[in-house]
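Notes follow once the structure below has been shown.
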Amino acid sequence: MTAINETILQEASRLVHSDRGADYGHPLEDFTKTANLFNTLRGTSLTAEDVALFMICVKLSREANKHKRDNLVDLCGYAETYMMVKDERCRRESI
């Protein structure tokens, strides 16, 4: 539920950093699983980053069809998770 006067960025941040992590794990793991499933299905080599960018494209496509606040919130959320994936991958590679 959207808080009174909550911007789309604030709503997206709240959603990304609340129970989603507990439900689905870090976006790097979650999107890697999705990429692996798609790669198996289609014989491709997508990465977790590709999945985040693909989801951004889905939301852009939906918004181009019909404006909905949810599209913009999710677009911001997927941009945030994309950055989380990039940051976590860099952190793990530097260990």
Taking the residues in region 33-50 that are among the β-branched types (Val, Ile, Thr) and part of a helix (DSSP H, G or I) as candidates, determine which candidate is least open to solvent (accessible area, probe 1.4 Å).
Thr34
From Asp30, Asp87, which residue is acidic (Asp, Glu), loosely packed, with under 14 Cβ neighbours inside 10 Å and either touching a helix residue (DSSP H, G or I) at 6+ places or on another chain (Cβ under 9 Å) or assigned to a helix (DSSP H, G or I) (or both)?
Asp87
Every residue in region 8-25 that is out of contact with any helix residue (DSSP H, G or I) (no Cβ under 6 Å at 6 or more places or on another chain) and either closer than 19 Å to Arg92 by Cβ or in a helix (DSSP H, G or I) (or both), please.
Gln10, Ser13, Arg14, Arg20, Gly21, Ala22, Asp23, Gly25
Within region 51-68, identify whether any single residue is open to solvent by 60 Å² or more (accessible area, probe 1.4 Å), in contact (Cβ under 8 Å) with a residue 60 or more places away in the chain and either in contact with a helix residue (DSSP H, G or I) (Cβ under 7 Å, 6 or more places away or on another chain) or not acidic (Asp, Glu) (or both), and answer yes or no.
no
Flag if Gly25 is open to solvent by less than 50 Å² (accessible area, probe 1.4 Å) and on the phi > 0 side of the Ramachandran plot
yes
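The values are calculated or read from the model by the stated rules, or taken from the named source; none is laboratory data. Only a predicted model underlies this, so the values are computations on that prediction, with no experimental measurement involved. Heads up, the Cβs are rebuilt from the backbone with ideal geometry, glycines too, and the neighbour counts pull from every protein chain shown. To get the accessible areas, we keep the full protein, side chains included, count just its heavy atoms, and leave off ligands, DNA and RNA. Shrake-Rupley method; radii C 1.70, N 1.55, O 1.52, S 1.80 Å.
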